[in-house]
1. Rounded, prolate or oblate: which fits the range 5-237, taking a ≥ b ≥ c as square roots of the Cα gyration tensor eigenvalues, rounded meaning a/c under 1.5, else prolate when a/b beats b/c?
2. Angle check, please: helix 195-206 long axis (alpha carbons) against the longest principal axis of the chain (alpha carbons), in degrees 0 to 90, nearest 10.
3. Between Ala17 and Thr186, what is the spin-label point distance in nm, taking each point 7 Å from the Cα along the Cα→C-beta axis?
4. Normalised by the number of residues in the range 5-237, what is the relative contact order in percent for Cα pairs under 8 Å and 6+ residues apart?
5. Put a dot 7 Å past each Cα toward the Cβ at Lys231 and Asn164; how far apart are the dots in nm?
6. Please compute the Kirkwood hydrodynamic radius of the range 1-81 from all pairs of different C-alpha atoms, in Å with one decimal.
7. Near Ala162, within a Cβ-to-Cβ distance under 11 Å, what is the net charge of the other residues, with Lys and Arg +1 and Asp and Glu -1?
8. Under 1.5 on a/c is rounded, so check that first for the range 154-241, then, if it is not, pick prolate when a/b is larger than b/c and oblate when it is not; a ≥ b ≥ c are the square roots of the alpha carbon gyration tensor eigenvalues.
Amino acid sequence: MERGTVTDLTVRSGALAETVPLFVYLPPFYSEFKKYPLIIAQDGRDYFQLGRIAKTMDELIREKRMQPAIFAGVPYRDVHDRRGKYHPSGEKHASYLYFLAHELLPALEREFPVSPAGSSRALAGDSLAATVSLLAAMQYPRTFGNLLLHSPYVNGDVIERAKNFSEWPLLRIYHVVGRQETAVKTTDGAVADFLTPNRMLKEWIEGRPSEYFYEEFAGNHTWKYWQKDLKRGLSFLFPAE
């Protein structure tokens, strides 16, 4: 049984002034002579370890429920690094958005046969990693045309950016959140209601002319539930042709 392969890569970022490691999944029967859709995930190590992304994509591709695609996971160093890059008010947030579009994507295009169309590229994330993915797609909608959002952190800044964004028709969005996510412990020690702000975001996006899937699952803010949902989310992003 043919399986995909996982390789490591590093990308030097001038915007972040650091070398960023990557975990990259290449699908079964990978060929340098074919163009592939690309998914870039924040919280990249979690997608491979907790989300079991390689096994999940192998199964979807074998079952012809998803197109063969390349999956690049960007890990974070620690919770402070994560918050600084992913949070809307993080000190490295703007630099990280620039890195995704102007440094990481070109590096992946040089290394792998990635489709050049924005409609063939996706950003993915869970919690705060979903937040930065959404904000990056709103900043670069012609570069990243698809989103896989599991329980994003949504605050007033995110809602405001969504209200000021006018190019919703360029985006296809998969968005889920748990009905039990009403008192989530965050990495800064606070407790936050994720469900209500996600519903507010959903009400705004639903009224815009975009392809949008939203659902509330029976569960809380953990990978136990996000992992179970990955197959449906990935199939939504790039269904088999």
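The values are calculated or read from the model by the stated rules, or taken from the named source; none is laboratory data. Only a predicted model underlies this, so the values are computations on that prediction, with no experimental measurement involved. Methodologically, a virtual Cβ is constructed for each residue, glycine included, from the backbone with ideal geometry; neighbour enumeration extends over all protein chains shown. Only protein heavy atoms, including side chains, enter the accessible area calculation; ligands, DNA and RNA are left aside. Shrake-Rupley method; radii C 1.70, N 1.55, O 1.52, S 1.80 Å.
1. Numbers: a/c = 1.39, a/b = 1.25, b/c = 1.11.
It comes out rounded by the Cα gyration axes.
2. For helix 195-206, the angle is close to 70 degrees.
3. Each label point lies 7 Å from its Cα, and together they span 2.6 nm.
4. Once divided by the residue count of the range 5-237, the mean separation gives 18 percent.
5. Here the answer is 4.2 nm between the modelled labels.
6. It works out to 13.5 Å.
7. Summing Lys/Arg as +1 and Asp/Glu as -1 gives +1.
8. Details: a/c = 2.30, a/b = 1.15, b/c = 1.99.
Here the range 154-241 falls in the oblate category.
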